[in-house]
Amino acid sequence: MRENELQYFEEILLARKVQIIKNLNGVEQEMIQLRECELNDEGDYASASNENLVESAISAQQLQELNEIEAALAKIKTKHYGICDMCEDDIGFQRLKVKAHAKYCIVCRPIAEKNKA
């Protein structure tokens with residue numbers, strides 16, 4: 001991959017990283033506020049509990065994406081970015097534009113997902 005393409009994807013990844021960190025901080029503040037709220041009845045408790053579960057699931061997904069972004073940024077530094085972790089072929093430019101932290105090419109992605117399940 002050319003240097004200007006690496007720089008392009010590095011900027012995208014860094015911007016997404018900043019957004020995720022901002023989101024995670026916001027979720028953390030909401031969780032603190034929920035814990036500090038006085039829950040007056042079972043309905044309030046159920047609602048707060050449900051919100052807590054949703055926020056936890058979103059946070060877990062965003063932490064996973066953040067880890068993948070960190071790995072992609074490390075690959076940019078070592079010039080191994082854009083190479084499929086499974087077959088070691090190039091990951092298509094268009095795929096990387098859609099998911100800049102993609103670890104697999106379009107052919108290997110379904111195989112990796114099936115093995116993960």
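The values are calculated or read from the model by the stated rules, or taken from the named source; none is laboratory data. None of the values given here were measured: they were computed from a predicted structure. Methodologically, a virtual Cβ is constructed for each residue, glycine included, from the backbone with ideal geometry; neighbour enumeration extends over all protein chains shown.
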Practice problem: Could you grab the pairs with beta carbons closer than 7 Å, sequence gap of 6+ or different chains, first residue in the stretch 15-28 and within 16 Å of A72 (Cβ to Cβ) and in contact (Cβ under 8 Å) with a residue 12 or more places away in the chain, second one in a helix (DSSP H, G or I) and of a type in the set (A, V, I, L, M, F, W, C)? | Solution: R16/I69; K17/L66; K17/I69; I20/L66
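Residues are listed down the side, and each one gets a yes or a no for (1) out of contact with any strand residue (DSSP E or B) (no Cβ under 6 Å at 6 or more places or on another chain); (2) free of Cβ contacts under 8 Å to residues at least 60 places away in the same chain; (3) aliphatic (A, V, I, L, M); (4) within 17 Å of E10 (Cα to Cα):
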| position | (1), (2), (3), (4) |
| --- | --- |
| Q62 | yes, yes, no, no |
| N67 | yes, yes, no, yes |
| I76 | yes, no, yes, yes |
| Y81 | yes, no, no, yes |
Quiz item: If you take the residues of the stretch 40-68 that are more than 19 Å from G26 (Cβ to Cβ) and among the charged types (D, E, K, R), which of them is modelled with the lowest pLDDT?
Solution: D44
Quiz item: Which of the residues that make up the stretch 101-111 are under 17 Å from the mean Cα position of the chain (by Cα) and outside any loop (DSSP other than H, G, I, E, B)?
Solution: R109
